[in-house]
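The following block contains the structure, expressed as structure tokens.
Computed from the coordinates by the stated procedures, all read-outs in this text should not be read as laboratory data. Since the structure is predicted, the reported quantities are computational estimates derived from the model, not experimental observations. Methodologically, a virtual Cβ is constructed for each residue, glycine included, from the backbone with ideal geometry; neighbour enumeration extends over all protein chains shown.
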Amino acid sequence: AQSVTQPDIHITVSEGASLELRCNYSYGATPYLFWYVQSPGQGLQLLLKYFSGDTLVQGIKGFEAEFKRSQSSFNLRKPSVHWSDAAEYFCAVGAQGSNTGKLIFGQGTTLQVKP
Amino acid sequence: KAGVTQTPRYLIKTRGQQVTLSCSPISGHRSVSWYQQTPGQGLQFLFEYFSETQRNKGNFPGRFSGRQFSNSRSEMNVSTLELGDSALYLCASSLERGPNEKLFFGSGTQLSVL
């Protein structure tokens, strides 16, 4: 069965420091992978997605993620964090089967940014 | 273009009641999905509708149902509410179906069951 694991429930970084959020997935074929961000009281916004091709994916707000098939990982990175990046981040995998938009989400990582 | 609109924003119900939540997708989007978000279980897929037909269903009891109208607007209904149904219910729309489609989420309906 498909699954997504985000090992870090909560991460605190200082403003201006670099960030890496971890995501590991379990999937039998080439996965469709996503990172979403959720601000308090809001819905989810897509940061970036990976379907195929270049394993380093660029997203919005200066985020990038790298797909590593050998490690079943899709970690999210940002070189310099801004206070406005404080939010909850979700990694997700597109479900097996054709023509379905169903996503399997990880449990999320809450990012706190220290001034 | 207006985003995904969910109404109401907040809802308080008591056990045993039923509730209907509404979702208006982005204009032109034909696929609507619903997710339940709770602190304990995280984000869980409820169902997906496309062209007025349910295409996929998550692992939820039959008390959870939904429908989609010809204008792509969708409603979900929960009957005989239980305390555990308290959650943020998120609706997402996309242009078409498919795992490579970008989902646009609404701000959700926060349901509290007392």
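Quick check on the stretch B:44-104: what does the Kirkwood estimate of hydrodynamic radius come out to from the alpha carbon pairs, in Å?
Mean inverse Cα-Cα distance, inverted, gives 12.7 Å.
While we're here: Give the relative contact order (percent, whole number) for chain A; include only Cα pairs under 8 Å separated by 6+ residues.
It rounds to 37 percent for chain A.
Cut-off 10 angstrom, C-alpha nodes, Gaussian network model of chain A. Which of A:Ala92, A:Ala17, A:Ala29 fluctuates the most?
Taking springs between Cα atoms under 10 Å, the residue moving most is A:Ala29.
Could I ask something else about it? With all pairs of different alpha carbon atoms counted, what Kirkwood hydrodynamic radius in Å does the stretch A:1-64 show?
After inverting the pairwise mean of 1/r, the radius is 13.7 Å.
Using the structure shown, select from A:Lys49/A:Lys78; A:Lys68/B:Lys57; A:Lys102/B:Lys13; B:Lys57/B:Lys102 the pairs with a Cα to Cα distance greater than 21 angstrom.
Pairs exceeding the cut-off: A:Lys68/B:Lys57; A:Lys102/B:Lys13.
If you place +1 on the Cβ of every Lys and Arg and -1 on the Cβ of every Asp and Glu, how big does the dipole about the Cα centre of chain B come out, in debye to the nearest 20?
That gives a dipole near 120 debye.
How large is log10 I(q)/I(0) at q = 0.08, 0.10, 0.11, 0.12 Å⁻¹ when the Debye formula is applied to the Cα atoms of the protein assembly as shown, each weighted equally and without solvent?
-0.29, -0.45, -0.55, -0.65
For chain B, what is Rg from Cα atoms divided by 2.2 N^0.38 Å, rounded to two decimals?
0.99
Sticking with this structure for a sec: Would you mind pulling out the separation of the Cα centroids of the stretch A:4-69 and the stretch B:42-114, in Å?
23 Å
To continue, here is another question. Normalise the Debye intensity by I(0) for the stretch A:29-115, one equal point scatterer per Cα, no solvent, then take log10 at q = 0.17, 0.24, 0.25 Å⁻¹ and round to two decimals.
-0.72, -1.31, -1.39
What Kirkwood hydrodynamic radius do you get for the stretch B:1-55 when you take the inverse of the mean 1/r over all pairs of distinct Cα atoms, in Å?
Details: mean 1/r = 0.0755 Å⁻¹.
For the stretch B:1-55, the Kirkwood estimate is 13.2 Å.
Take chain B, connect every pair of alpha-carbon atoms lying under 10 Å apart with a spring to form a Gaussian network, then pick out the residue of B:Gln36, B:Gln17, B:Gln44 with the largest mean-square fluctuation.
Looking only at B:Gln36, B:Gln17, B:Gln44, the biggest GNM fluctuation is shown by B:Gln17.
Suppose R0 equals 35 Å. What FRET efficiency, 1/(1 + (r/R0)^6) with r the Cβ-Cβ distance, do B:Leu83 and B:Arg30 give to the nearest 0.05? Can you show the working numbers first?
Values: r = 35 Å, r/R0 = 1.00.
For B:Leu83 and B:Arg30, the calculated efficiency is 0.50.
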